[in-house]
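The values are calculated or read from the model by the stated rules, or taken from the named source; none is laboratory data. Given the structure is predicted, the values throughout are model-derived calculations rather than measurements. Cβ placement follows ideal geometry from the backbone for every residue including glycine, while neighbour counts extend to all protein chains displayed.
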Amino acid sequence: MDENNYVTFKKQYGNIKRPRTKELSINSNGVKIYEKDQSMIINISVPIEESSDIIKYFEEFNLGEDIQFNISNTGDFKYVFRGISPVTDKDSYSSFSIIVQEKNPRPDQIQVEADCNQVDEYGNPIHECIGCGLHRE
């Protein structure tokens, strides 16, 4: 198996003393990734004969559980699992989507939060946002 043509998903389990990883590799031709805000929608299309094991793998994840994936051996991306769509079978392929969310906020989001939380020497907000929900009350 040429690792450069696969997307490898990783599920961590076990405990601190004996961590274990369960991996699943899917040919990258059957994987399409779309980014939306701080989430990603990963569309997966695989031959029907392979689909049951792949779907079973993703159904083992709990909402909010950590998931990692490596696209064509470029390094692990760390996300949080948010769900799986219903499976649709068409011709000889099964298709479904998983949704993952960024584990850590982006630097630009951290900067927005820092700007909103700045106060003057009297404790009044310097940055006046309307409805952003980030500055102190």
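Residue count for segment 5-35, restricted to those that are within 20 Å of the chain's Cα centre (by Cα) and surrounded by fewer than 10 Cβ atoms within 10 Å (Cβ to Cβ): 2. For the subset of segment 72-90 comprising residues that are over 8 Å from the mean Cα position of the chain (by Cα) and at pLDDT 90 or above, which member is farthest from residue 9 (Cα to Cα)? That would be 90.
Note on segment 55-71: residues that are closer than 12 Å to residue 98 by Cβ and either touching a Cys at 6+ places or on another chain (Cβ under 9 Å) or not in a loop (DSSP other than H, G, I, E, B) (or both) amount to 6.
Of the residues 44, 33, the single one that is at pLDDT 90 or above and either touching a helix residue (DSSP H, G or I) at 6+ places or on another chain (Cβ under 7 Å) or outside any strand (DSSP E or B) (or both) is 44.
What about residue 52, is it in contact with a helix residue (DSSP H, G or I) (Cβ under 7 Å, 6 or more places away or on another chain), of a type in the set (S, T, N, Q) and within 18 Å of residue 95 (Cβ to Cβ)? In short, no.
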